[in-house]
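Asker: Got a structure for you, written out below as structure tokens; questions coming shortly.
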Amino acid sequence: MEGFRHSTELTARFNETDAQGVIHHSVYIVWFEVARIAYLEGVESGYRGLIETGVDVTTVEAHTTYRAGVRFDDRLRIWTRSGDVRGARLRFDYVVERTSEPSGIVAEGWTGHACVDAKTLRPIRVPAELAKRLAQLEGLTQSD
């Protein structure tokens with residue numbers, strides 16, 4: 001997927017379908033979170049490690065555009081990238097594709113986040129080390 005370097009694969013589960021047998025719209029946000037946590041494994045000690053250093057990344061907004069329905073047992077790949085890191089905020093972009101179809105994009109979206117102190121939940125600047133590591137994951141800087 002052009003512009004994306006990280007992906008997570010999953011299979012649509014039966015319990016995620018609605019009465020029409022199509023994956024419920026709310027599930028995409030859950031899939032975004034699954035992909036984002038997998039992406040953050042590229043940061044030292046992953047998301048859990050961030051929290052242990054006193055930094056949490058809370059979701060403050062989410063947007064999804066649905067392109068095609070997904071059904072039980074469809075195989076999917078969720079592409080994830082980070083960007084727009086400034087102040088306390090950062091953003092993740094996602095593309096969900098059905099892997100059984102060429103150009104099988106079924107949804108696109110993004111989530112906005114704020115870095116907060118893990119204990120007080122007060123906003124803090126995105127730590128320089130986190131911003132650096134995210135840039136490295138995106139191939140924007142040299143790795144150490």
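Asker: Out of all the residues in the stretch 1-13, is one or more loosely packed, with under 14 Cβ neighbours inside 10 Å and part of a helix (DSSP H, G or I)?
Answerer: No, the stretch 1-13 has no match at all.
Asker: Of a type in the set (F, W, Y), at pLDDT 95 or above and closer than 16 Å to L134 by Cβ: does that describe Y66? Step through it out loud before you land on a result.
Answerer: Details: of a type in the set (F, W, Y): yes; at pLDDT 95 or above: yes; closer than 16 Å to L134 by Cβ: no.
No.
Asker: Only one of these conditions is not met by V70: (1) over 19 Å from the mean Cα position of the chain (by Cα); (2) open to solvent by less than 60 Å² (accessible area, probe 1.4 Å). Which number is it?
Answerer: Answer for V70: the failing condition is (1).
Asker: Out of curiosity, is T59 open to solvent by 20 Å² or more (accessible area, probe 1.4 Å), touching a strand residue (DSSP E or B) at 6+ places or on another chain (Cβ under 6 Å) and among the polar types (S, T, N, Q)? So that I can check it myself, show each step before the final result.
Answerer: Values: open to solvent by 20 Å² or more (accessible area, probe 1.4 Å): yes; touching a strand residue (DSSP E or B) at 6+ places or on another chain (Cβ under 6 Å): yes; among the polar types (S, T, N, Q): yes.
Yes.
Asker: Of the residues that make up the stretch 122-130, is at least one under 30 Å from A19 (Cα atoms), in a strand (DSSP E or B), touching a residue at least 24 places away in the same chain (Cβ under 8 Å) and not β-branched (V, I, T)? Let's see the steps before the verdict.
Answerer: Applying the first criterion (under 30 Å from A19 (Cα atoms)) to the stretch 122-130 yields none.
No, the conditions are met nowhere in the stretch 122-130.
The values are calculated or read from the model by the stated rules, or taken from the named source; none is laboratory data. This one's a predicted model, so the numbers in the text were calculated from it and none came from an experiment. Heads up, the Cβs are rebuilt from the backbone with ideal geometry, glycines too, and the neighbour counts pull from every protein chain shown. Remember, those area values only see protein heavy atoms, side chains included, never the ligands or the DNA or RNA. Shrake-Rupley method; radii C 1.70, N 1.55, O 1.52, S 1.80 Å.
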